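Scroll down for the structure; my scribbles are underneath it.
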Amino acid sequence: MHHDDSWGPLPPRPAFSLLIRFVLTVLLLPLWWALIVVIFLGFIAFGLVAEILTVIPGFEKGFLGLIDKFGDSVKVWPAWCVTLPELRHEGDAAFYRARVDKRIAFWTAKELAAQKAKKAPPPGPHDIPVREYRGVGAGYVVEAARARDWELSHDRHSDPLRVVRLRRLPVTG
């Protein structure tokens, strides 16, 4: 399927390095989340005060664009953090296989529920970050997704070392 090594499993990280990153995650992640909340509340406060400035052409569009950029660039789970399951299961392919399968099954269930209710499906593409598949590789994500009628997104390209972006194949009939 993919001949590039980046689509295969990533090598296990050293245990000491993971332990250090886990300790830093426990210490710094709550501060990271608090900072995100403070910045978001700052946007809201500024937005309330800046309601007067909406008479300036383009101000509202620019402010909303700034909030969108902030939301797109700030991650709730940054790449530097290591969770306890990741620490315990580093290199365990079965663990990562189960994570990928669970994520794809969840999205498939949401898509099928929307079809059954004759509603619009959840917006995509759906991203699977590397923390979900590092032990099995991005190639496994694509194989598991294809088995459930998903494919790689054509709108936003995947980077197998960071994220795999999937979209549901259109329903025929």
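The values are calculated or read from the model by the stated rules, or taken from the named source; none is laboratory data. What you see is a predicted model; the values in this text were computed from it and never measured. Note: ideal-geometry Cβ built from the backbone for every residue, glycine included; neighbour counts use all protein chains shown. What goes into the accessible areas is simple: the full protein's heavy atoms, side chains included, and nothing from ligands, DNA or RNA. Shrake-Rupley method; radii C 1.70, N 1.55, O 1.52, S 1.80 Å.
Quick notes
- Among the candidates 58, 42, the residue that is open to solvent by less than 50 Å² (accessible area, probe 1.4 Å) and either out of contact with any Cys (no Cβ under 6 Å at 6 or more places or on another chain) or under 29 Å from residue 142 (Cα atoms) (or both) is uniquely 42.
- Every residue from the stretch 70-89 that is loosely packed, with under 10 Cβ neighbours inside 10 Å and in a helix (DSSP H, G or I): 72, 73
- For the stretch 5-57, filtering for residues that are under 26 Å from residue 72 (Cβ atoms) and acidic (Asp, Glu) leaves 1.
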